[in-house]
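Student: Sharing a structure here in structure tokens format.
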Amino acid sequence: MGDICGEGAVWHPERGVLYWTDINRFLVHRFDPATGATESWLFREPVTSVNLTTDTDTLLLTLASGAGLWSPRTHPELKAIFTLAAAPAMRLNEARVDPRGSLWAGTMRNNVGAQGENLDVQFTGAVLYRVDPDGSVTEWKHDIGISNTMAWSPDATTFYFGDTPANVLWAFDYDESTGTISRERNLLAGFSKGSPDGSAMDAEGFLWNARYDGGCVVRIAPDGRVDRVVEMPVASPTTCAFGGPDRKTLYITSARSDEQFSGSLFALQVEVSGVPDGRFRLV
């Protein structure tokens, strides 16, 4: 695909397709593995993630300045559900939906210009938000460099979150009844291969983490042990998502660099299935 920064992938099980974004080109892509066809939609600002909702025809997008409900059928209509007050100095980055149907969205210093160019910024002051279906917004962590990785254990008792420049992935206790997180502790810190970008959770409770500038994806056990390292043909894989009818295809996005296949979407067949993605609860 030649993405500048592929990101925010999600598998749509009812449609049998994968959605993901290219942040710097303001695009949402849709890949149909049955036909090999890819379609793309252009937006007015960077799109950072695609998420499912309880309506199979409606997706929840996070963009630089906020989040909104969208459907390919009615593009470019976008119904805003959250506006980031700190934009444009800050922008949304990683975002995922939790088991109870709320959106967790983290920010970073805005490093994308009006034409999609990279800006030289100092990555400080980011915030982790939770946006509930009723529109209420709460803040859960501050003083982050770049928000990345949001995933929940299969039993919905642990939340995983990361900071890319700090090279750390954290685990938190997660209370599904209230949507709260607590008891922050390190899961994996200072790993030598690159920095943590996006992640996906498998059914055995292992976190698959894309390592930006590390040229690999690592599978991390719940106790923080690195179970395996999957080497990639590109320097900067950016995120991953389980897909396919059995959820045993790990789709991996990447950022553009000097390698021949950088910016491509990759598919890796694995022996374990992924946890179904959360769906934002429409009210």
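Student: Full extension from ALA85 to THR138: what is 0.36 nm times the residue separation minus their Cα-Cα distance, to one decimal in nm? List each step's numbers first, then the result.
Tutor: Values: separation 53, 0.36 × 53 = 19.08 nm, distance 1.30 nm.
The ALA85-THR138 span can extend by a further 17.8 nm.
Student: Scaled to the compact-protein estimate 2.2 N^0.38 Å, what is the alpha-carbon radius of gyration of the stretch 1-71, rounded to two decimal places? Don't skip to the answer; put the middle values down first.
Tutor: Values: Rg = 11.4 Å, N = 71, 2.2 N^0.38 = 11.1 Å.
That works out to 1.03 for the stretch 1-71.
Student: While we're here: Step through the residues of the stretch 140-151 one at a time and calculate ³J(HN,Hα) from phi using the Karplus curve (6.51 cos²θ - 1.76 cosθ + 1.60, θ = phi - 60°), rounding each to whole Hz and writing x for Gly and Pro.
Tutor: The phi angles translate into 10, 7, 10, 6, 9, x, 10, 6, 8, 6, 9, 8 Hz.
Student: Rule-of-thumb check for the stretch 176-241: C-alpha Rg over 2.2 N^0.38 Å?
Tutor: Details: Rg = 12.7 Å, N = 66, 2.2 N^0.38 = 10.8 Å.
Working it through for the stretch 176-241, the quotient is 1.18.
Student: Of the candidates TRP140, TRP104, TRP208, which one comes out as most mobile in a Gaussian network treatment of the chain with C-alpha springs shorter than 10 Å?
Tutor: In this elastic network of the chain, the residue with the biggest mean-square fluctuation among TRP140, TRP104, TRP208 is TRP140.
Student: How many angstrom lie between the Cα centre of the stretch 178-248 and the Cα centre of the stretch 259-276?
Tutor: For the stretch 178-248 versus the stretch 259-276, the Cα centre distance is 12 Å.
Student: Still on this model: Please give, to one decimal in nm, the separation of the simple spin-label points placed at ASP173 and GLU117, each 7 Å out from Cα toward the Cβ.
Tutor: A separation of 5.0 nm, rounded to one decimal place.
Student: Right, here's the next one. For the stretch 208-223, what does the Karplus curve 6.51 cos²θ - 1.76 cosθ + 1.60, with θ = phi - 60°, yield as ³J(HN,Hα) per residue in whole Hz, taken in order and with x for Gly and Pro?
Tutor: For the stretch 208-223, the Karplus curve yields 9, 10, 6, 10, 5, 6, x, x, 7, 10, 10, 9, 10, 6, x, 8 Hz.
Student: Give me the 1.4 Å probe accessible area per residue for the chain, excluding ligands and nucleic acids, in Å².
Tutor: 40 Å²
Student: So, in Å, what gap is there between the alpha-carbon centers of the stretch 53-90 and the stretch 114-164?
Tutor: Value for the Cα centre distance between the two parts: 16 Å.
Student: For the stretch 1-148, build the convex hull from the C-alpha positions and give me its volume per residue in Å³.
Tutor: Normalising the Cα hull of the stretch 1-148 by residue number yields 107 Å³.
Student: If you wrap a convex hull around the C-alpha atoms of the stretch 138-283 and split its volume per residue, what is the figure in Å³?
Tutor: 127 Å³
Student: In square nanometres, what is the average projected area of the Cα convex hull of the stretch 144-209?
Tutor: Seen from a random direction, the Cα hull of the stretch 144-209 projects 4.3 nm² on average.
Student: Relative contact order for the chain using alpha-carbon pairs under 8 Å, separation at least 6, rounded to a whole percent?
Tutor: 16 percent
Student: Whole percent per 5 Å bin, from 0 to the bin with the longest distance: what is P(r) over all C-alpha pairs of the chain?
Tutor: Computed distribution, short to long bins: 1, 6, 14, 19, 22, 19, 13, 6, 1, 0.
Student: Here is a further query. Just the accessible area for VAL112, please: 1.4 Å probe, Å², rounded to the nearest 10?
Tutor: 10 Å²
Student: Translational diffusion coefficient of the stretch 103-165 at 37 °C, 0.692 mPa s, Stokes-Einstein with Kirkwood Rh over Cα pairs, in µm²/s as a whole number.
Tutor: This corresponds to a translational diffusion coefficient of 251 µm²/s.
Student: If amide hydrogens are placed 1.01 Å from N in the peptide plane, which non-local residues have theirs closer than 5 Å to the one on GLY214?
Tutor: Distant-sequence amide H within range of GLY214: SER195.
Student: Of all the accessible heavy-atom surface of the stretch 8-68, with the other protein chains kept in place and a 1.4 Å probe, what percent is carbon and sulfur?
Tutor: 48 percent
Student: For the stretch 197-274, what are Rg and Dmax over the alpha carbons, in angstrom?
Tutor: For the stretch 197-274, the Cα-based Rg and Dmax read 11.9, 36 Å.
Student: Within a Cβ distance under 12 Å of TRP41, other residues only, what is the Lys/Arg minus Asp/Glu net charge?
Tutor: Summing Lys/Arg as +1 and Asp/Glu as -1 gives +1.
The values are calculated or read from the model by the stated rules, or taken from the named source; none is laboratory data. Please read these numbers as outputs of a predicted model, since none were measured by experiment. With ideal geometry, Cβ positions are generated from the backbone for all residues, glycine too; neighbour counts draw on all protein chains shown. Only protein heavy atoms, including side chains, enter the accessible area calculation; ligands, DNA and RNA are left aside. Shrake-Rupley method; radii C 1.70, N 1.55, O 1.52, S 1.80 Å.
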